[in-house]
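Enquirer: Before we start, here is the structure in question, set down as structure tokens.
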Amino acid sequence: MFTMSISMETAYGSLTLFTSILHNVFLLYHIDIFVSVYKIDKTSFWFGETLFLIWNSLNDPIFGWISDKKLLGIVSNNSSVTNIVWSRLGALQLYGPLFSCAFVLFWVHWAWPGLQFAVCLCLYDGFLTMIDLHHSALLADLSLSDSVRTKLNSRCSLFSAIGSISVFLSYLVWNKIDLTTFRIFCFVLATISFIGYLKMVKVLKKAYIKYSKDSQVQTDLQDQSVTDSFSGQESKASILKFGRQLLSHRNFLWFAFLNLVQVFHCHFNSNFFPLFLDTFLGDAVSPTVASGLLSISFIAPHINNLYFLSLCKKYGVYSVIRYLFLIKLALAVVMYHVGPEHIWMLAFFIASNRVFTEGTCKLLNLVISDLVDEDVVLHSRPQAVSALVFGTAALVSKPGQTLAPVIGTWILALQTGHDIFQSGNEDGSIKLDLSKMDSAVRLAYKQGVFMMLICVPVVCAILQLLAWSRYTLKGQRLAQIKSFRAKLHHIPV
């Protein structure tokens, strides 16, 4: 559609920096602060998670439908493509700063814990969903080229790696006895993110205007609204009809199940990573080393993704993801046979498990972009409904984010008898003080946590390999889909 410039790629990728510096801290500490600091009770926690599960599942397709329903019936032309991109940029400029504000609400105790938990989760996820939908949809809207999409994804990985530095710093300032320094740290991060979204979306808009003019798209982007540009070109669109179409899209359904498991595993690792570090390495390494391992586990997936993306260019996305699942399964099986006694082997496994799991997550937007192309061809759409496809995929996969802490705490109680809310103590906590246990109880507890650490990646990898074996949008089939869409919309591949 147009040649990407360095400024365009950098601006697009930098938006992930302003998301990741906040979201990584959220993933690590939002449960701990409500359980250990605000002392939320079990009923309120489960109610909040249930409400969040419903909201988290529904907001993606709802927001995607609001964004893209006009596109289901328009006449295909360059002007419509240009205006939907412009609309997505406007949404990012609005919801990015609001997302930063929602992040701050977690770290100050301003209401009854149960109410604050539910409100904070829903507000935060609502704004995050809008950002993810529009940012991800741009990946499919800006170009059909695999190389361009891969390059954009590479920039996202690079900036996400930089954003993961916040994890290292957060571990150093986190102190649930005195949260003053941690709260200041979170406010600084939110301020950086707030300003960053405003500035970089402006850069992205300027770059897009330039390349729109270069590609001879005659549209006044600043004055013409998306709604006006679609008037008179719209046919009746039904979300039920769209839903039936996706239910007949077999590759989409298999991917949605695979992504559900992937989102669950990613958030399980993030939520319980501090528990694994403290249980197995707490006595063996210093807090600085533990902080370093935590930081590496967040940064390495993004750095590795640059290598994974180069492999995708050579072998294809399907093959790379398949081998990542196989590696995840093999490492877990090997670790099970080695046992929890080998501390540094265990440290490598805990870190590598996050690296390969998160690395796979970073490649899945490329798969959804391919599914957008297939959706256009299968249903002869005049224009791709990228945000709607991304949002509907999340309808099934996003609940994994809620299921991770819920199922994780249940497995923890099943394997160790440790209830994070009570556990026989007056205060709840995710982590237990191992120094207060006798040797036999400590050994049994560590063994239970070890089984939790091993079984989750094994089950996830097996389910994902089974689903991925049924996915057929690869090789010649994928090339044909891209060729058909290019001819349908008269755009270069």
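Enquirer: Using a Cα-Cα cut-off of under 16 Å, which lysines could be cross-linked to Lys313, ignoring same-chain neighbours fewer than 8 residues away?
Expert: Qualifying lysines at Cα under 16 Å: Lys151, Lys362, Lys474, Lys482.
Enquirer: Hey, could you get me the Stokes-Einstein D for the stretch 301-363, Kirkwood radius over alpha-carbon pairs, 37 °C and 0.692 mPa s, rounded to whole µm² s⁻¹?
Expert: Result for D is 267 µm²/s.
Enquirer: What is the percent carbon and sulfur in the accessible area of the stretch 132-209, measuring with a 1.4 Å probe over the protein chains and ignoring ligands?
Expert: Carbon-and-sulfur percentage of accessible area, whole number: 68.
Enquirer: Measuring with a 1.4 Å probe in the full set of protein chains, what accessible area per residue, in whole Å², belongs to the stretch 92-166?
Expert: Solvent-accessible surface per residue comes out at 29 Å².
Enquirer: Here's something else I'd like to know. Using the alpha carbon gyration tensor of the stretch 262-418, what are the three equivalent-ellipsoid semi-axes (square root of 5 times each eigenvalue), largest first, in whole Å?
Expert: Result for the stretch 262-418: semi-axes of 34, 19, 13 Å.
The values are calculated or read from the model by the stated rules, or taken from the named source; none is laboratory data. Given the structure is predicted, the values throughout are model-derived calculations rather than measurements. To get the accessible areas, we keep the full protein, side chains included, count just its heavy atoms, and leave off ligands, DNA and RNA. Shrake-Rupley method; radii C 1.70, N 1.55, O 1.52, S 1.80 Å.
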